[in-house]
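The values are calculated or read from the model by the stated rules, or taken from the named source; none is laboratory data. These numbers come from a predicted model, not from an experiment. We place every Cβ from the backbone using ideal geometry, glycine too, and count neighbours over all the protein chains shown.
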Amino acid sequence: MLEDKVKFEGDKDKYLKTIHHNTIYINKLIDDLFLFSKLDMQKLDFAYESVGIKAFMDDFMEEYKFELEEKNIRFQYSSQLEQDYRVNLDGKRFHQAFNNIISNAVQHGPENDLTITVTMYRQKDCICLAIQDNGHGIAADKLPYIFDRFYRIDMERKKDYMCTGLGLAIAKELIEAHGGEITVSSREKEGTCFTIALPILQEYRDEMTI
């Protein structure tokens, strides 16, 4: 009787944990579907501001450094800008896009010794953010599809309860709503690099901003 009771309690905990994980996944899926549908119908509200991107990123990356290093993930950030430039930015929506890319690197990266490096630089009339990881990389035949909704890079990977298959599709839509572009390059066993390009505001392209 005692053994049966112990087994029942063990099974009960396992089932409750499964229900909890599935509830988290369903809630995340609903949130992502709602956000993506609003983006698709161009009904998502944006609160754009003229932002000095260097100062913004310096503060933003400090938050990520603390968060990722708590998870034993090495994080490095560097800026190659010699001066600040202003871009049109909705901080909340940009954070969502950036976080989806970082989350993708964490979800598909190695369990140990993951390194994420962010480099900011100017290229012509854009500010570029290169987000590089040392993960497993993406096969060349899969690269064209990774921004498609519900596309999963590794179908054999154990289910991640926070991965809905919409993260990168949402990131792409959010960046494009800023007038920007997101691209990706990758080599298997060498890692992946996502690059976000945001246009510098026309009136600030040839001037130092404050």
Suppose we keep only residues that are crowded, with 19+ Cβ neighbours inside 10 Å and among the hydroxyl-bearing types (Ser, Thr, Tyr) within segment 178-194. Which one would you say is farthest from Phe46 (Cα to Cα)? Ser186
In the set Ser50, Ser78, which member is in contact with a helix residue (DSSP H, G or I) (Cβ under 9 Å, 6 or more places away or on another chain), outside any loop (DSSP other than H, G, I, E, B) and modelled with pLDDT of 95 or more? Ser50
Show the residue pairs meeting these rules: Cβ distance below 8 Å; 6+ apart or different chains; first residue within segment 137-149 and closer than 17 Å to Val106 by Cα; second residue hydroxyl-bearing (Ser, Thr, Tyr). Gly137/Ser186; Gly137/Thr192; Ile138/Ser186; Ile138/Thr192
All positions within segment 50-94 that are acidic (Asp, Glu), closer than 22 Å to Leu174 by Cβ and either touching a residue at least 24 places away in the same chain (Cβ under 8 Å) or touching a Ser or Thr at 6+ places or on another chain (Cβ under 6 Å) (or both): Asp90
Test: Ile175 is touching a helix residue (DSSP H, G or I) at 6+ places or on another chain (Cβ under 9 Å), in a strand (DSSP E or B), modelled with pLDDT of 90 or more and within 19 Å of Tyr85 (Cα to Cα): no
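Does Lys65 qualify as being part of a helix (DSSP H, G or I) and modelled with pLDDT of 70 or more?
yes
Would you point out which residue out of Ala55, Ala97 is within 17 Å of the chain's Cα centre (by Cα), of a type outside the set (D, E, K, R) and modelled with pLDDT of 90 or more?
Ala97
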